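The values are calculated or read from the model by the stated rules, or taken from the named source; none is laboratory data. Given the structure is predicted, the values throughout are model-derived calculations rather than measurements. Here the Cβ positions follow ideal geometry from the backbone for every residue, glycine too, while neighbour counts run over all protein chains shown.
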Amino acid sequence: MADDLFDVTIVGAGPTGLFAAYYAGFRGLRTKLIDSQPDLGGQVTALYPDKFIYDVAGFPKILGKDLVTNLVEQAMQYKPAVHLNENVQTFSRAEDVLELGTDLGTHRTKVVLITAGIGAFTPKTFKRPELDKWMGRGLHFAVRSKEDFRGKRLLVIGGGDSALDWALGLVGYASEITLIHRRDQFRAHEDSVKKLFSSPITVKVFYELRTIRGDGQVREAVIFSNKTQAEEVLPVDAVLAFLGLVSNLGPIREWGMEIDDDSIVVNTKMETTIAGLYAAGDITAYPGKLKLIATGFGEAATAVNNAMTYINPKASAFPGHSSSIMEQKEKAGAKTS
Ligand SMILES: Cc1cc2nc3c(=O)[nH]c(=O)nc-3n(C[C@H](O)[C@H](O)[C@H](O)COP(=O)(O)OP(=O)(O)OC[C@H]3O[C@@H](n4cnc5c(N)ncnc54)[C@H](O)[C@@H]3O)c2cc1C
């Protein structure tokens, strides 16, 4: 438990929270990052570390995990306190001090920045014990590393972006890939659907998973046509099911901020409707909002720099230009050394 007072506590260490931690450090704020996941990087680390991202400014293309490595390096130069595997649940105020209650303790802070994305999220499972019991024994609901599937025969299930992106991304790693989808319409990007049908992947539409068989490890998947009920047995080493995500804003919803659908309403300073609580990234709602990494970065800078004036009303929201400030700091360092 950490009971000393921080300037800013950031709830959620996805791309937005990490960039906010950098900016808070750059502004000289004592910063803490809390995340319920075991690793830094939010959705990017949990759901697509091995996928290329093409729309982050300054990177024509970058692997998710490389973007996270860079964000972590940038954020950690100011040594924020980091608490992983800790779920923030409650918020209260004791005069000027804000208190966050987690499953592990209490955190005291002057300002809270909520960068909790889509909330604490987990991939959907089948909710059928006879299938879900294969988790960790060849059944996966997310991909951590493509290397885990090298040389393996895979059954991929789903018709959304994750299913198609991973099926295509694993070509060249897996020895054989079959993708089944219960309809012939795909939610995935049109371009991915085109690529899927011109790839070596065997695609079966109107097919679903009936059962998985094995000897402690997945060995066979029984699939069936939902038109004819005819069954087929596929010898496989792994089943990758992309059934969507369950995200849960959870207790944050009860803190009293204005909420729109499952997002927190903010103004142009990224202030929520409760003083001292700011929000940025996927979790926010305002007219014209786009849920993208690029917009989260801008919102993180806006939130932290405006929070600076909440903590110290004499401070300027504008941080100055990092290029000049770092140059001055380096010169000052050279003079004193
Ligand atoms: C398959 C896929 C592909 C994508 N491709 C792109 C792309 O190409 N370009 C792009 O711009 N965007 C893409 N996105 C969207 C992008 O990942 C999100 O916009 C981005 O991750 C949002 O960052 P964030 O930091 O706001 O939230 P998140 O990444 O969701 O991070 C939020 C963090 O908050 C934590 N958290 C939540 N609630 C709590 C709590 N109560 N206590 C503690 N921790 C909590 C979560 O564990 C999580 O780690 C993609 C998304 C997916 C799923």
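Which residue is surrounded by the fewest Cβ atoms within 10 Å (Cβ to Cβ), if the candidates are limited to the range 130-178 and must be within 16 Å of the ligand (Cβ to nearest atom) and part of a strand (DSSP E or B)? Residue satisfying both the conditions and the ranking: H140.
Residue selection: P38 fails the criterion of being touching a Leu at 6+ places or on another chain (Cβ under 7 Å), in the same structural domain as V82 (by TED's automatic domain parsing) and touching a residue at least 60 places away in the same chain (Cβ under 8 Å).
Within the range 116-166, the set of residues being more than 25 Å from T211 (Cβ to Cβ) and of a type in the set (D, E) comprises E147, D161, D165.
Here is a list: F121, F126, F91. Which entry is of a type in the set (F, W, Y), in contact (Cβ under 8 Å) with a residue 12 or more places away in the chain and in a loop (DSSP other than H, G, I, E, B)? Exactly one residue qualifies, and that residue is F126. Restricting to the range 260-288, and then to whatever is without any contact (Cβ under 8 Å) to a residue 40 or more places away in the chain and within 11 Å of the ligand (Cβ to nearest atom), can you tell me which residue is surrounded by the most Cβ atoms within 10 Å (Cβ to Cβ)? Only one residue tops the list, namely T284.
E86 meets all of the listed conditions (1) part of a loop (DSSP other than H, G, I, E, B); (2) out of contact with any Asp or Glu (no Cβ under 7 Å at 6 or more places or on another chain) but one, namely (2).
Among the residues of the range 70-88, which ones are surrounded by fewer than 16 Cβ atoms within 10 Å (Cβ to Cβ) and at pLDDT 95 or above? Selection gives N70, E73, Q77, K79, A81. The criterion of being in contact with a helix residue (DSSP H, G or I) (Cβ under 9 Å, 6 or more places away or on another chain) and buried (at least 22 other Cβ atoms within 10 Å of the Cβ) does not hold for P123. Say we look at the range 104-118 and pick out the residues that are more than 9 Å from the ligand (Cβ to nearest atom) and not in a strand (DSSP E or B); which of these is nearest to L243 (Cα to Cα)? Out of the qualifying residues, it is L104. With the condition kept exactly as written, say whether any residue in the range 137-150 is touching a strand residue (DSSP E or B) at 6+ places or on another chain (Cβ under 9 Å) and of a type in the set (S, T, Y). Looking for residues that are touching a strand residue (DSSP E or B) at 6+ places or on another chain (Cβ under 9 Å) and of a type in the set (S, T, Y), one finds none in the range 137-150, hence no. Against the list (1) closer than 30 Å to V171 by Cα; (2) within 30 Å of the chain's Cα centre (by Cα), the condition R213 fails is (2). From the list A317, A300, A294, A307, the one residue that fits, being away from the ligand (no atom under 11 Å from the Cβ), of a type in the set (A, V, I, L, M) and not in a loop (DSSP other than H, G, I, E, B), is A307. Considering only the range 39-62, I want to know if a residue exists there that is within 9 Å of the ligand (Cβ to nearest atom), at pLDDT 95 or above and on the phi > 0 side of the Ramachandran plot. For the range 39-62, residues within 9 Å of the ligand (Cβ to nearest atom), at pLDDT 95 or above and on the phi > 0 side of the Ramachandran plot: present. For the residues D282, D262, D237, the requirement of being of a type in the set (D, E, K, R) and modelled with pLDDT under 95 singles out D262.
Looking only at the range 179-199, residues that are among the β-branched types (V, I, T) and in a helix (DSSP H, G or I) come to 1 in all.
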